[in-house]
Amino acid sequence: MAEMGLNRSLVKTMDDIERLRADLEALKEQCDEEEKRKARTTLEKLDADDLLKEAEKRIEKLGEKLSETKETLSEKKNFYNKEMQELQSEKNELTRNIDELNCKVEEYRKICGKMKKDLKVDNMLPHKNINYTTEESGRENLSDISYTCQIVIQSPYILKGGQALLTFEDEKVAQGIIHRGRHRVGFNNGYEDVGAHKVELGRTVKFEVNMTISSTKVNVFNLPIDLPEDILKDKLELAFYKSNIGGGEIESVEYNRNNKCACITYKEDGVAQRVLKTTEQVFTVGPSQYEVTIAPAIEEQLNKLQIFAGVCLKTVLLAEIRNQTDSEDDIKDLVEIHFQKESNGGGEVLCSDYASQSKMAYFEEDIV
């Protein structure tokens with residue numbers, strides 16, 4: 001009985017050992033599994049740390065790049081602001097220059113207008129007796145109208161304040177006064193030493209303009225450019241042949257497309273004058289109408305061009321007249337009286353002028 005109880009206890013112990021062994025194996029497997037999980041977690045943590053460090057580096061680089069970009073943008077902004085300021089300054093300077101040039105242009109226009117007025121010459125045409133000789137109209141004998149004008153362009157001479165001009169009849173007298181140099185001239189308030197100098201003129205341009213108005217040709221302007229040249233010539237010939245505008249038989253039509261004009265030549269003299277009684281005509285081509293301008297055909301020639309520097313051998317420039325009390329007329333008379341006396345080396349004075357303030361003086365060509 002005791003042995004049977006011992007066997008039972010032993011069997012129970014062996015079962016417990018087996019159960020404990022199985023539990024131990026299960027625990028080992030759990031430990032291994034936990035170790036693996038721990039290892040995986042560690043690796044994941046290491047990978048996360050690497051990614052974090054890489055992200056931090058990228059953020060740092062992006063921060064540096066952002067700083068560089070801001071710095072570059074600031075430099076560019078400063079550069080463009082400076083450039084804008086320079087351009088604005090340049091614009092202001094150009095605006096000032098334009099204003100100054102406009103003022104100068106306006107001054108030159110006034111001077112040109114004055115010179116045009118000065119250059120105008122009112123010529124009285126001589127009368128010529130004309131007698132009636134025949135009943136023929138003489139239209140075939142009409143000739144071109146020609147005229148010639150002579151133009152002299154001279155640099156203006158400025159007579160400054162305190163200066164006088166004296167023109168003598170004898171050239172030798174003027175040259176002697178200039179050669180002497182200094183002269184003691186008496187005025188109402190005392191004597192003054194004045195200097196005598198030669199008159200130096202600028203360049204003078206002289207030429208003739210010959211202009212001939214044709215009695216057989218007229219110019220037609222503002223022609224359409226979208227028509228073929230042959231068709232346009234035919235239309236012009238038909239339009240300007242008509243008697244209602246004073247036309248006649250046409251010899252030729254020359255067309256200049258660049259200037260949108262044509263030159264019409266009639267066979268008979270005097271037709272051009274009749275056509276030119278109307279300066280504008282309606283030119284019809286099919287359904288289209290064009291307003292054209294008719295003008296005389298003028299041939300211009302420039303002849304006898306001369307460029308020279310004028311020499312005033314009979315005129316003397318007196319300078320350094322400091323008289324501030326006498327009037328201009330008194331000073332002019334006293335200077336003229338002084339230099340008319342032979343004892344002062346003078347002679348017959350043709351004309352004189354004095355300026356208390358700067359003014360223009362005009363010289364004419366001495367035609368012998």
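The values are calculated or read from the model by the stated rules, or taken from the named source; none is laboratory data. Remember, it's a predicted structure, so these values are computed and weren't measured experimentally. Using ideal geometry, Cβ is built from the backbone for each residue, glycine included, and neighbour counts are taken over all protein chains shown. With ligands, DNA and RNA removed, areas are computed over all heavy atoms of the protein, side chains included. Shrake-Rupley method; radii C 1.70, N 1.55, O 1.52, S 1.80 Å.
Between I225, I245, which is among the β-branched types (V, I, T), over 15 Å from I294 (Cα atoms) and touching a Lys or Arg at 6+ places or on another chain (Cβ under 9 Å)?
Criteria check complete, one pass: I225.
Show the residue pairs meeting these rules: Cβ distance below 7 Å; 6+ apart or different chains; first residue within region 298-309 and more than 16 Å from T212 (Cβ to Cβ) and touching a residue at least 12 places away in the same chain (Cβ under 8 Å); second residue open to solvent by 80 Å² or more (accessible area, probe 1.4 Å) and part of a strand (DSSP E or B).
I307/R203; A309/R203
So R180 fits all but one of (1) at pLDDT below 70; (2) closer than 24 Å to E200 by Cβ; (3) open to solvent by 90 Å² or more (accessible area, probe 1.4 Å); what number is the exception?
The single condition R180 does not satisfy is (1).
Quick one: which strands (runs of 3 or more DSSP E) lie wholly within region 256-321 and hold at least 1 residues that are among the small types (G, A, S) and in contact with a helix residue (DSSP H, G or I) (Cβ under 8 Å, 6 or more places away or on another chain)?
Filter on region 256-321 gives 261-266, 288-319.
Within region 231-255, work out how many residues are among the polar types (S, T, N, Q), open to solvent by less than 60 Å² (accessible area, probe 1.4 Å) and in a helix (DSSP H, G or I).
Counting residues in region 231-255 that are among the polar types (S, T, N, Q), open to solvent by less than 60 Å² (accessible area, probe 1.4 Å) and in a helix (DSSP H, G or I) gives 0.
Conditions tested, residue by residue: (1) acidic (D, E); (2) over 30 Å from A272 (Cβ atoms).
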position: Q289; (1), (2): no, no
position: I298; (1), (2): no, no
position: Q301; (1), (2): no, no
position: A309; (1), (2): no, yes
position: L318; (1), (2): no, yes
position: N323; (1), (2): no, yes
position: S327; (1), (2): no, yes
position: L334; (1), (2): no, yes
position: E364; (1), (2): yes, yes
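Pull out all pairs, ordered by first then second residue, where Cβ-Cβ is under 7 Å, the residues are six or more apart or on different chains, the first lies in region 200-222 and is over 23 Å from L313 (Cα atoms), and the second is modelled with pLDDT under 90 and of a type in the set (K, R).
From residues that are over 23 Å from L313 (Cα atoms), the pairs are F207/K304; E208/K304; F221/K260; N222/K260.
So, in region 342-368, of the ones that are surrounded by fewer than 14 Cβ atoms within 10 Å (Cβ to Cβ) and of a type in the set (A, V, I, L, M, F, W, C), which residue ends up modelled with the lowest pLDDT?
Here the answer is V368.
I'm trying to understand the selection: among the residues of region 214-230, which are assigned to a strand (DSSP E or B) and either out of contact with any helix residue (DSSP H, G or I) (no Cβ under 8 Å at 6 or more places or on another chain) or small (G, A, S) (or both)?
S214, S215, N219, F221
How many of the residues in region 209-248 are hydroxyl-bearing (S, T, Y) and under 39 Å from the mean Cα position of the chain (by Cα)?
Adding up the residues that qualify gives 2.
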